[in-house]
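The values are calculated or read from the model by the stated rules, or taken from the named source; none is laboratory data. What you see is a predicted model, and the numbers here were worked out from it, not measured in a lab. Please note: Cβ atoms are built from the backbone with ideal geometry, for glycine as well, and neighbour counts cover all protein chains shown.
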Amino acid sequence: MSGLRVAVVPGDGIGVEVIAEAVKALHAVADASGKEVRLTPFDWGADRYLSTGVSLPPGSLGLLQNEFDAILLGALGDPRVKDNKHAVDILLGLRFDLDLYVNLRPVRLFHERLCPLKGRRPEDVDFVVFRENTEGPYVMMGGNFKKGTADEVATEVDLNTRKGVERIVRHAFAFARRTGRTRVAMADKSNVLIHAHDLWLRVFKAVAAEHPEIESRHFYVDNLALQIVRDPGQFQVIVTSNMFGDIVTDLAAALQGGLGMAASGNLHPGRVSLFEPVHGSSPHLAGKGVANPMGAVLTAGLLLDHLGWKEEAERIEAAVRAAVAEEETTADIGGRLTTREVGDALVRRLLA
Ligand code: IPM
Ligand code: MG
């Protein structure tokens with residue numbers, strides 16, 4: 001076995017710092033089990049875009065599809081690129097053009113100290129959000145009429161296809177079945193979006209009917225937000241649209257210690273998939289050594305899990321859990337260590 005081939009795109013801002021620690025963790029966990037990961041860095045990001053005008057170089061998609069098992073991405077976004085064109089081109093470009101229709105965002109509390117809700121323990125915050133990742137308003141269909149005038153009209157199309165909705169809903173149920181989970185919740189706004197989200201509701205009911213062993217519940221998304229805060233323990237799997245999933249996963253990240261702890265995967269089962277921490281590039285924190293690398297390290301764990309390295313993925317999670325318990329963390333979750341020191345502490349645990 002020639003090892004895993006991972007394309008690494010640190011990107012901008014704190015992405016660079018946290019990915020350095022995720023890379024250390026990947027090497028450590030591979031070394032500890034006598035396996036090989038081959039990491040190939042790519043400098044896609046604001047600097048390159050500003051100096052060359054190129055965001056995602058031509059041929060990148062084919063290269064990723066043919067030469068790599070997965071992509072590990074830090075974060076994209078830079079104040080010098082006002083419209084964030086490079087970030088949209090690269091992140092949304094990869095999601096769309098690689099057809100990464102599953103945005104997997106696990107929500108797990110590693111220590112009750114990290115949860116802003118009173119009295120919630122790790123077992124109370126443990127669910128997975130499946131966010132549709134290729135449709136909705138993210139397709140950027142729409143336009144302006146009389147732009148810049150007092151009579152301006154602006155439209156944004158919320159695009160939903162039966163194929164798109166069905167494949168993410170099916171993925172959520174299949175995941176529940178495969179992992180022994182017994183509840184799937186779907187959130188939409190079908191009381192107002194009577195066309196697009198009625199499609200979601202009909203598809204959800206039809207797929208739920210094929211899974212009688214799984215308790216399926218439908219929520220309007222505003223109520224879902226309330227319920228996640230009121231009683232997160234009622235959720236095991238949540239499936240929702242692209243935009244609602246974006247919002248709900250930031251809310252849910254707060255329950256697990258903030259964006260610094262949140263990991264994600266952009267998947268198309270069987271194809272090259274993209275893994276990134278949920279947080280952004282946080283330019284104001286960049287270069288200070290304060291960024292929490294745990295979200296990125298956990299993201300590397302998701303990558304390994306996706307590619308079948310289950311034991312190694314579990315070891316990464318256990319290392320993070322132990323480091324959190326021992327307060328070997330950055331200040332955002334109460335510790336005193338720098339980004340690099342947290343990475344070192346995790347590596348020590350992975351090699352132990
Ligand atoms: C996320 C981010 C992105 C999104 C932005 C940066 C385009 O918020 O991955 O959650 O909205 O999908
Ligand atoms: Mg977001």
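Scanning segment 80-99 for residues that are crowded, with 20+ Cβ neighbours inside 10 Å and in contact with a helix residue (DSSP H, G or I) (Cβ under 7 Å, 6 or more places away or on another chain), which turns out farthest from Pro122 (Cα to Cα)?
So, considering only residues that are crowded, with 20+ Cβ neighbours inside 10 Å and in contact with a helix residue (DSSP H, G or I) (Cβ under 7 Å, 6 or more places away or on another chain), the one farthest from Pro122 (Cα to Cα) is His86.
Using the structure shown, decide if Met261 is closer than 24 Å to Val129 by Cβ, within 16 Å of ligand 2 (Cβ to nearest atom) and surrounded by 24 or more Cβ atoms within 10 Å (Cβ to Cβ).
Yes, satisfied.
List every residue pair whose Cβ atoms lie under 6 Å apart, where the two residues are 6 or more positions apart in sequence or sit on different chains, the first residue falls within segment 67-82 and is at positive phi, and the second residue, located anywhere, is within 15 Å of ligand 1 (Cβ to nearest atom) and modelled with pLDDT of 95 or more.
Gly77/Asp12; Gly77/Ala87; Gly77/Gly280; Gly77/Ser281
I need a count of the residues in segment 212-239 that are hydrophobic (A, V, I, L, M, F, W, C) and farther than 22 Å from Val165 by Cβ.
Step one: of segment 212-239, the residues hydrophobic (A, V, I, L, M, F, W, C) are 214, 219, 221, 224-226, 228-229, 235, 237-239.
Cutting the leftovers down to farther than 22 Å from Val165 by Cβ gives us 226, 229.
Within segment 212-239, residues that are hydrophobic (A, V, I, L, M, F, W, C) and farther than 22 Å from Val165 by Cβ number 2.
Please verify whether segment 306-325 includes one or more residues that are part of a strand (DSSP E or B), in contact with a helix residue (DSSP H, G or I) (Cβ under 7 Å, 6 or more places away or on another chain) and closer than 20 Å to Val8 by Cα. Full working, then the answer.
Kept after step one, since they are part of a strand (DSSP E or B), are these residues of segment 306-325: none.
No - not one qualifying residue is present in segment 306-325.
For segment 139-158, give me each residue that is part of a strand (DSSP E or B), exposed (fewer than 12 other Cβ atoms within 10 Å of the Cβ) and within 28 Å of the chain's Cα centre (by Cα). Lay out the reasoning, then the answer.
Taking segment 139-158 first, the residues part of a strand (DSSP E or B) are 142-145, 153-156.
Filter once more, keeping what is exposed (fewer than 12 other Cβ atoms within 10 Å of the Cβ): 143-145, 153-155.
Correct list: Thr155 only.
Quickly run through segment 186-208 and pick out the residues that are among the acidic types (Asp, Glu) and under 24 Å from the mean Cα position of the chain (by Cα).
Applying the first criterion (among the acidic types (Asp, Glu)) to segment 186-208 yields 188, 198.
The answer is Asp188, and nothing else.
Cβ-Cβ distance below 8 Å, separation of 6 or more or different chains: which pairs start in segment 8-25 with a residue that is surrounded by fewer than 24 Cβ atoms within 10 Å (Cβ to Cβ) and at pLDDT 95 or above and end on one that is part of a helix (DSSP H, G or I) and of a type in the set (Asp, Glu)?
Filtered contacts from segment 8-25: Lys24/Asp344.
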